[in-house]
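What follows is a short report on a single structure.
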Amino acid sequence: MSGRPGKFRTVGLLLVSALIGVPLAGTAEAVANDNLPNEDYVRYCASCHGVSGRGDGPVADQLKIRPADLTRLTRRYGGAFPFEHVRRVIDGRPYPQSSIRAHGPAEMPVWGHRFEIESGSHIAEQRILRLTRYLQTLQR
């Protein structure tokens, strides 16, 4: 296994790309019914961050920089969940990608753009907010 890190990284990134390409059926309805945060998390985040949010997803080892443990954001930020920062990182559009080391273009997609293509700007913003709120519930 140690002799093939490039191959495994490529397979992992292909898996992430495949997940990104899967359209989310009923997006507007899911947002309206509040069913989306966990669904979006599982579909778009869990492959890297893990189902529990601890940075242990199935492709985490294939990334140059290990994904963040999303369950410890409140702890890392002095006891307060960094809601606006997390929202902006998920969106990806307001922050220059180069300013977020782990979220360079090859490591984490710009979800705001992806969600906007899938569901329009208003629904995209709601999805990002609900996903941010979901991450807030994962805090240990």
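The values are calculated or read from the model by the stated rules, or taken from the named source; none is laboratory data. Quick caveat, the model's predicted, so the values are computed rather than measured. Cβ atoms come from the backbone with ideal geometry, glycine included; neighbour counts cover every protein chain shown. Side chains included, ligands, DNA and RNA excluded: accessible areas come from the protein's heavy atoms. Shrake-Rupley method; radii C 1.70, N 1.55, O 1.52, S 1.80 Å.
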Restricting to region 105-137, give me the number of residues that are open to solvent by less than 50 Å² (accessible area, probe 1.4 Å) and among the charged types (D, E, K, R).
2
Quick check: is even one residue across region 14-30 more than 14 Å from the chain's Cα centre (by Cα), modelled with pLDDT of 55 or more and of a type in the set (D, E, K, R)?
yes
Please work out if Pro58 is within 15 Å of the chain's Cα centre (by Cα) and at pLDDT 95 or above.
yes
Read through the list (1) under 20 Å from Val110 (Cβ atoms); (2) of a type in the set (Gly, Ala, Ser); (3) modelled with pLDDT of 55 or more; (4) surrounded by fewer than 16 Cβ atoms within 10 Å (Cβ to Cβ), then give the number of the only condition that Ser52 fails.
(1)
